[in-house]
1. Quick one: with all protein chains in place, what share of the accessible area of the chain is carbon or sulfur, to the nearest percent (1.4 Å probe)?
2. Would you mind calculating the gained length between D202 and L132 on full extension (0.36 nm times residue separation, minus the Cα-Cα distance), in nm to one decimal?
3. Classify the range 158-217: rounded, prolate or oblate, from the alpha-carbon gyration tensor (a ≥ b ≥ c, eigenvalue square roots; a/c under 1.5 rounded; otherwise prolate if a/b is larger than b/c)?
4. Could you give the size of the charge dipole of the range 169-288 about its Cα centre, using +1 on the Cβ of each K and R and -1 on the Cβ of each D and E, expressed in debye and rounded to the nearest 20?
5. Would you work out which of L205, P290, G236 lies farthest towards the positive end of the dipole of the chain, given +1 charges on the beta-carbon of Lys and Arg and -1 on that of Asp and Glu, about the Cα centre?
6. Which whole-number percentage describes the relative contact order of the range 155-306, with Cα contacts under 8 Å and a sequence gap of 6 or more?
7. Please state the Cα pair-distance histogram of the range 266-328 with 5 angstrom bins from zero: what percent is in each bin?
8. Any idea which of H214, I8, G245 is furthest toward the positive side of the dipole for the chain, if Lys and Arg beta-carbons carry +1 and Asp and Glu beta-carbons -1?
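The values are calculated or read from the model by the stated rules, or taken from the named source; none is laboratory data. Note that the structure is predicted; figures quoted are calculated from it, not measured. A quick note on method: Cβ atoms are made from the backbone with ideal geometry, for glycine too, and the neighbour counts reach across all protein chains shown. Calculation scope for accessible area: heavy atoms of the full protein, side chains included, ligands and nucleic acids excluded. Shrake-Rupley method; radii C 1.70, N 1.55, O 1.52, S 1.80 Å.
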Amino acid sequence: MKKDKIMIPKVAVTSPLPGNPLTMMEGRARVKVFRATGKRSEAQVIGCLRGAQGVVALLSDPVTEAVLDACPTLRVVSNVAVGVDNVDLAACARRGIVVTNTPDVLTESCADLTWTLLMGAARRIIEGDRFLRAGRFKGWRLDLLLGTDFRGKTLGIVGMGRIGRAVARRAAPFGLRIVYAQRHRLPESVESALGAKFVPLDELLCTADVVSLHCPLNATTHHLLDRERLFAMKPGAVLVNTGRGPLVDEAALVDCLRDGPLAAAGLDVYEREPLLAPGLKDLPNTLLLPHLGSASRETREAMARLAVADCLAVLEGRAPAHPVPLPA
């Protein structure tokens, strides 16, 4: 009995998962779920992972070289997210550790939330809500909290991956022209289906009325929208970020919303999450959400199931459905 128990792999789950997917592991793994909330330090993650062969991790869990050094039994990191910028992929590759993620299932939810922010910021929904709740609404006025229409305007999408394309597909009923920027141009057939035109990033920023960010975070995209680019945006433009917080220089964004060309911003992610740049939450022309991009019950449960299934697959010697390519 003792020998059989040792042969069963140990899996650390860094947070409770929605939808009870851990029933999949019954009799197949020894599971320990950690219930501490909030962003964890390396030391806390090491405490979670020590002695485990697999981990079902969140985007907020740093899986760094130091963590991997302290957890030499680890064989698989299964991230409950599409992004894996919390994981040192090169360090995992050197150790033969498999990394998996949860693509596809959250595409539509994130695109829906992007449009929520686009519409909410452009039509000053949060400002209107606060205005009314504060007792300042004294009746209809012709000039009260004027926003901007989308019809005939230009939507600029930075990063035409799964979510960027899903956002583009939702644009046609609003009468928006679509331009996009990324490292590589899409096939002409995809451009034609989306009605999208490929342009350089700087051209996109100075011509688009609404800009939505969907590119991955890496060394080349950190502060992709720096102070110079933010202040070069089209006067009256709206910026939405549901990608990664550090794509934008947040301190410069505060200045741009206060004194520059931007009319409004809708943000779901932040540069030093959960912290905000000083002054950001005090600006009236911002719509700020606490990282809710994929936060529908159906989507989060599907993500959790995928992560658990892939973790089990690796530990049982099978190929995971969603491996993340690792550097050579």
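1. On the way: 9080 of 16240 Å².
It is 56 percent, rounded to a whole number.
2. Numbers: separation 70, 0.36 × 70 = 25.20 nm, distance 3.83 nm.
Stretched out fully, the D202 to L132 stretch lengthens by 21.4 nm.
3. Values: a/c = 1.30, a/b = 1.09, b/c = 1.19.
Rounded, because the longest to shortest axis ratio a/c is under 1.5.
4. Values: 13 positive and 15 negative charges, 77 e Å.
I would put it at about 360 debye.
5. Value: P290.
6. Details: 266 pairs, mean separation 27.1, N = 152.
Computed value for the range 155-306: 18 percent relative contact order.
7. The calculated distribution, bin by bin, is 4, 13, 16, 13, 13, 13, 12, 8, 5, 2, 1.
8. Checking the options against the dipole of the chain, the answer is I8.
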